[in-house]
Amino acid sequence: MAFIRKVKTKSGATAVQIARKEGGHLSKLEHLGSAHNSKELETLISLAKERLRGDQIFLFPNQENKLQIKLRQSSSNFLFQVLNRQYQELGFSQLNDSDFANLCIARIVEPTSKLDSLRVLSDLGINGLNKDQLYRCLQKVIKKDYRKTISQLCFDHADSQNLNLVLYDVTTLYFEVQEEDTYRRPGLSKERRLEPQIVIGLLVDRSGFPLGIQSFEGNTAETKTIIPVLEEFQKEHHLEKVTVVADAAMLSRTNLEALVENGYHFVVGSRLTKIPYDIAQFQKQKSLVDNQIIDTKKDDYRIIYQYREKRARLDIKNIETQITKAKRMVDGISPLKRNRFVSFESTKKILNQSLIDKAYALAGIKGYVTNLNLASQEIINAYHQLFEVEASFRMAKSDLKARPIFLHKRDAIEAHMTIVFASLAISRRIKKLTGISIKRIVNLLRPIRSGTIIINGTEYQAKPEIPKDIHNLLQKLESGH
């Protein structure tokens with residue numbers, strides 16, 4: 001029977017051999033090499049065990065073989081498997097489209113063009129794909145309406161306690177093209193750009209987990225996006241009532257009337273361009289103090305004002321910065337740019353002191369409009385959860401680089417946004433379970449490589465070595481299953 005034998009050499013190394021006893025005498029079958037430290041010894045013993053399991057025993061009676069290790073190929077397949085597991089846990093495997101899964105995972109790991117995704121996937125150990133497969137996948141995304149399925153799966157996955165209140169916001173994605181079309185059109189840009197763009201509306205739960213995404217023509221006003229998105233969300237999931245939180249960009253009388261008419265509850269930020277009457281009346285009697293709340297009734301909704309000293313300090317700092325810039329423009333030191341405190345008197349540039357005074361008077365005051373019959377502080381707290389949808393947009397635009405640079409047709413762009421939507425869901429799930437950003441997760445797991453090595457001419461599959469801290473990370477991901 002063959003067995004592993006370790007022998008100390010004259011040089012102090014440990015020789016590892018595969019030997020057999022015949023007639024009570026040792027018969028050396030193969031000398032695998034000499035280890036000079038514990039790591040080399042562990043490798044040689046593992047190699048010997050593999051030889052014994054495979055019954056690959058060869059006789060080299062007069063040859064001292066040195067350990068020769070070559071790396072044939074390696075990949076970050078461990079990272080792929082971790083992300084793919086989260087894809088499956090969200091139920092996205094119901095789409096039965098491995099190409100779509102691959103595109104989603106590639107976008108999380110390294111956002112790039114669809115063609116360059118083949119390189120990213122190869123580094124993740126996924127080979128055998130070609131660009132035609134990926135572009136056919138984009139067609140299937142539209143033809144089979146993957147977004148509808150993904151939206152439903154996200155809705156099913158979201159914490160039901162978070163669904164009684166949803167958060168909504170919009171952003172813009174620009175295109176580096178000279179000519180506009182009926183979809184990519186110039187409009188009010190979040191990034192103050194002049195190129196053709198599209199408008200993206202994103203609906204998330206209060207934890208920032210995505211529930212729905214919709215695109216609009218680039219010249220669509222932000223205020224005209226919220227009702228279509230809510231109506232589609234309500235219809236798709238058969239909801240009777242929806243409470244939505246949105247920022248001041250959504251505030252218009254038309255929107256408020258439409259929200260009320262359609263039975264929506266809402267909390268919307270209020271733009272303050274002048275001192276509210278109720279605050280002015282209050283200040284005639286006493287000064288505002290930190291966390292001062294003034295709750296008023298108007299038509300079918302309430303307007304809640306809150307004063308915060310911390311917000312006032314930040315507002316005043318920003319006002320002073322703008323005043324400094326305005327003075328430099330007025331004095332001709334800096335070129336004229338957009339500044340609310342610079343006005344023109346005939347052909348002369350002047351500081352608009354009335355606007356400066358108004359800005360100081362409004363420092364620290366924030367308004368909220370709602371039709372909910374809840375305590376004022378609860379309304380304010382609900383509004384400030386909007387940072388979650390802002391965080392999701394930042395993740396989509398930075399970590400996932402949502403801007404579809406190389407796509408031109410609307411169907412292809414919509415398919416791309418569906419991939420970003422699914423990738424965002426995976427990323428937000430991982431962030432929720434681990435408390436670590438998806439970018440950090442990728443940086444931690446991508447260096448963990450597996451692959452094929454050749455030892456003394458024989459090929460072996462090398463499994464990745466998982467550090468202890470990564471095991472702890474995996475346990476957190478498993479806890480959400």
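Observations on the model:
- Matching option when the condition is assigned to a helix (DSSP H, G or I) and in contact (Cβ under 8 Å) with a residue 60 or more places away in the chain, among Ala258, Ala249, Ala280: Ala249
- Checked against (1) modelled with pLDDT of 90 or more; (2) under 27 Å from Ile200 (Cβ atoms); (3) outside the structural domain of Thr254 (by TED's automatic domain parsing), Thr324 passes all but condition (2).
- Condition check for Thr171: in contact with a Ser or Thr (Cβ under 8 Å, 6 or more places away or on another chain) and not acidic (Asp, Glu): no
- Lone qualifier among Leu129, Leu173 - being modelled with pLDDT under 90, part of a strand (DSSP E or B) and more than 29 Å from Asn381 (Cβ to Cβ): Leu173
- Candidates Gln152, Gln161, filtered to the one that is at pLDDT below 85, under 23 Å from the mean Cα position of the chain (by Cα) and not in a loop (DSSP other than H, G, I, E, B): Gln161
- Any pair with Cβ under 8 angstrom, 6 or more apart, that starts in region 227-241 at a residue that is under 15 Å from Cys154 (Cβ atoms) and ends at one that is β-branched (Val, Ile, Thr): Phe233/Val166; Phe233/Val242
- Identity of the residue in region 191-229, closer than 19 Å to Asp145 by Cα and not in a strand (DSSP E or B), that ends up nearest to the chain's Cα centre (by Cα): Val229
- A search for C-beta distances below 6 Å between a residue of region 378-393 that is closer than 26 Å to Ile294 by Cβ and any residue that is of a type in the set (S, T, N, Q) and crowded, with 19+ Cβ neighbours inside 10 Å, counting only pairs 6+ apart in sequence or on different chains, returns Ile379/Thr370; Ile380/Gln306.
- The set of residues in region 100-125 being surrounded by fewer than 21 Cβ atoms within 10 Å (Cβ to Cβ) and at pLDDT 95 or above is empty.
- Selection count where residues are surrounded by fewer than 19 Cβ atoms within 10 Å (Cβ to Cβ) and under 13 Å from Ser113 (Cα atoms), scope region 380-402: 1
- The set of residues in region 369-389 that are of a type in the set (Asp, Glu) and at pLDDT 90 or above contains only Glu378.
- Test: residue in region 292-301 that is without any contact (Cβ under 8 Å) to a residue 40 or more places away in the chain and hydrophobic (A, V, I, L, M, F, W, C): yes
The values are calculated or read from the model by the stated rules, or taken from the named source; none is laboratory data. Here the structure is a predicted model, which is why all the values come from computation and not from measurement. Neighbour counts run over all protein chains shown; Cβ positions are idealised from the backbone, glycine included.
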